[in-house]
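**Q** Below you'll find the structure I mean.
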Amino acid sequence: MCQRRKEGQTCTMWLLKPPGVYRAQEDTDLLISSLSREHLREGDEVLDIGTGTGAVALAAAGTGARVTAIDVSRRALATAWVNGALNGRHIHVRHGDLLDPVRGRRFDLIASNPPYVPAAGDTLPTHGAARAWDAGHDGRALIDRICRDAPRGLAPGGVLLLVHSSLSGVGASCRALSRAGLRTEVVSRQRIPFGPVMTARAEWFEEQGLIPRGVRHEELAVIRGVRPA
């Protein structure tokens with residue numbers, strides 16, 4: 001199955017999306033839009049954490065950057081590599097958990113669209129589609145680790161772009177990244193209606209105080225953190 005991604009009316013890439021691999025959605029598009037404003041140069045080192053279909057990695061590779069894409073799902077990595085071939089863009093794929101496969105390396109830009117949907121249990125799924133979105137009771141099981149580890153993976157002057165939902169604590173992420181030494185701001189926001197997963201959990205979100213009664217939308221935000229040069 002091929003999915004055509006568009007920016008306005010301009011086709012940017014073709015993406016193969018097999019079952020079990022997270023489909024590029026509004027959060028992916030918002031992250032790519034923020035990435036496009038970073039003016040990457042040929043040869044810059046870019047890391048995409050949780051690459052899924054590889055959409056963000058391929059957008060970065062289109063600038064001439066050298067891109068490493070990480071995912072815990074081998075199927076996602078195979079999909080990202082094939083999508084790179086389909087679009088004439090080479091990316092390096094690495095299997096592993098968040099930044100573990102690239103410990104000790106430094107990047108000019110790190111981008112991530114991690115799992116961030118609050119779930120009833122804190123035990124993260126180890127297989128199946130829910131692994132792409134379930135992120136513990138507060139939705140921060142992966143976000144907190146990225147906020148802790150990603151700043152150490154940035155070169156001086158390097159940029160972190162992190163997208164997630166307002167339900168998962170955008171302010172908490174900004175504060176965590178600031179404590180880690182990054183200059184932090186929210187550079188993009190987008191309000192969207194709940195999709196199927198969020199809709200199915202809406203009453204539980206209400207019970208947990210994550211949303212007011214009757215609300216069926218979320219705000220996506222891209223957080224930009226810069227390591228001082």
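The values are calculated or read from the model by the stated rules, or taken from the named source; none is laboratory data. These numbers come from a predicted model, not from an experiment. Cβ sites come from the backbone with ideal geometry, for glycine too, and all protein chains shown count toward neighbours.
**Q** Would you check which residues across segment 1-59 are over 20 Å from Ala129 (Cα atoms), modelled with pLDDT of 95 or more and among the hydroxyl-bearing types (Ser, Thr, Tyr) and list them?
**A** Hits for segment 1-59 are Ser33, Ser34, Ser36.
**Q** Filter segment 13-55 for residues that are over 12 Å from Asn113 (Cβ atoms), out of contact with any strand residue (DSSP E or B) (no Cβ under 7 Å at 6 or more places or on another chain) and not small (Gly, Ala, Ser) and give the result.
**A** Pro18, Pro19, Val21, Arg37, His39, Arg41, Glu42
**Q** Output the qualifying pairs, or none if there are none: Cβ atoms under 7 angstrom, residues six or more apart or on different chains, first residue in segment 87-98 and under 17 Å from Gly62 (Cβ atoms) and surrounded by fewer than 15 Cβ atoms within 10 Å (Cβ to Cβ), second residue of a type outside the set (S, T, N, Q) and modelled with pLDDT of 95 or more.
**A** His90/Ala61; His90/Gly84
**Q** Considering segment 64-82 alone, what residues qualify as being crowded, with 19+ Cβ neighbours inside 10 Å and within 13 Å of Glu45 (Cα to Cα)?
**A** Scanning segment 64-82 gives Ala65, Val67, Thr68, Ala69.
**Q** Could I ask something else about it? Any idea how many residues of segment 196-209 are surrounded by 14 or more Cβ atoms within 10 Å (Cβ to Cβ), under 19 Å from Gln25 (Cβ atoms) and not hydrophobic (A, V, I, L, M, F, W, C)?
**A** Residues flagged as surrounded by 14 or more Cβ atoms within 10 Å (Cβ to Cβ), under 19 Å from Gln25 (Cβ atoms) and not hydrophobic (A, V, I, L, M, F, W, C) within segment 196-209 amount to 1.
**Q** Quick one: which residue in Gly136, Gly158 is surrounded by 22 or more Cβ atoms within 10 Å (Cβ to Cβ) and small (Gly, Ala, Ser)?
**A** Checking each option against the conditions leaves just Gly158.
**Q** Restricting to segment 13-42, name every residue that is closer than 17 Å to Ala76 by Cα, assigned to a loop (DSSP other than H, G, I, E, B) and not hydroxyl-bearing (Ser, Thr, Tyr).
**A** Listed by number, the residues that qualify are Lys17, Pro18, Pro19, Gly20, Val21, Arg23, Ala24, Gln25.
**Q** Let me confirm something: among Val102, Val117, which residue is surrounded by fewer than 21 Cβ atoms within 10 Å (Cβ to Cβ), touching a strand residue (DSSP E or B) at 6+ places or on another chain (Cβ under 8 Å) and either more than 20 Å from Leu30 (Cα to Cα) or of a type in the set (Val, Ile, Thr) (or both)?
**A** The unique qualifying residue is Val102.
**Q** Of all residues in segment 127-140 being over 14 Å from the mean Cα position of the chain (by Cα) and of a type in the set (Gly, Ala, Ser), which is modelled with the highest pLDDT?
**A** Gly136
**Q** When you look at Leu58, is it of a type outside the set (S, T, N, Q), in a helix (DSSP H, G or I), in contact (Cβ under 8 Å) with a residue 12 or more places away in the chain and under 17 Å from Pro114 (Cβ atoms), yes or no?
**A** Spelling it out, it is not the case that Leu58 is of a type outside the set (S, T, N, Q), in a helix (DSSP H, G or I), in contact (Cβ under 8 Å) with a residue 12 or more places away in the chain and under 17 Å from Pro114 (Cβ atoms).
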